Amino acid sequence: MKQPLYKAIAVTLQALVNCRASGNAEWAERWLDRLKQFDSMLPSGSGFDSGSVILKTVSSAREILIETSFHHMDENGSYDGWTEHRVKVRADLACGFVIEVGGRDRNDIKDYIADTFHEALSAEVGEDDEVMEGAA
């Protein structure tokens, strides 16, 4: 079954919480592996040169927190510095989800970051059979 990436992340975070609460270390590890796979589906390259990482210990099914940084260029096309950002993704009944981007808004980059993450998190993903094998 396919679902948007943001929803797959939220469902996986909740499953991880449930496994930890019940003491199921084996499945908690599988859910963590799935979250690491989702990290690779987040913006990387094209300015997001250090990739993006879900903050697994502080995120929840209701609020996903992602760390990223952006590598800026000057008017000559040379790299000239980084900005660090925390992307907050929250559920919205009317829109599915909303994004807030923290950090410095150098060169009005926060709108671009929000748009880029919105596109990535809206992408449809399927279940990973290897990680999810045996899930019930």
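A short reminder: the numbers here are calculations on the coordinates, not readings from a lab. Please read all numbers here as calculations on a predicted model, not as lab measurements. Note: ideal-geometry Cβ built from the backbone for every residue, glycine included; neighbour counts use all protein chains shown.
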Exercise. Here are several values of Cα Rg over 2.2 N^0.38 Å: (1) 1.29; (2) 0.97; (3) 1.13. Which one was derived from the coordinates shown?
Worked result: (3)
For this session: Mind putting a number on the dipole of segment 1-131 about its Cα centre? Charges go on the C-beta only, +1 for Lys and Arg and -1 for Asp and Glu, and I need it in Debye to the nearest 20.
Result: 600
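What FRET efficiency comes out for the pair VAL58/ASP80, r = Cβ-Cβ distance, R0 = 41 Å, nearest 0.05?
In this case the efficiency is close to 0.85.
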Seminar exercise, completed: Extension length gain for VAL11 and HIS71 (0.36 nm per residue less Cα distance), in nm, is 18.5 nm
Exercise. Would you list CYS95, CYS19 from fewest to most Cβ contacts within 10 Å?
Worked result: CYS95, CYS19
Exercise. Rounded to two decimals, what is Rg over Rh for segment 68-122 when you use alpha-carbon atoms and the Kirkwood radius?
Worked result: 1.06
For this session: Stick to the Cα atoms of segment 33-111, pair each with every other, and give me the Kirkwood hydrodynamic radius in Å at one decimal.
Result: 13.6
For this session: Quote to one decimal, in nm, the extra length available between ALA25 and GLN3 on full extension: 0.36 nm per residue of separation minus the C-alpha distance between them.
Result: 5.3 nm
Problem set entry | Inverse of mean 1/r across different Cα pairs in segment 1-49, Kirkwood, Å | 11.8
Exercise. Fewest first, what order do MET41, MET1, MET73 take by the number of other Cβ atoms within 10 Å?
Worked result: MET1, MET73, MET41
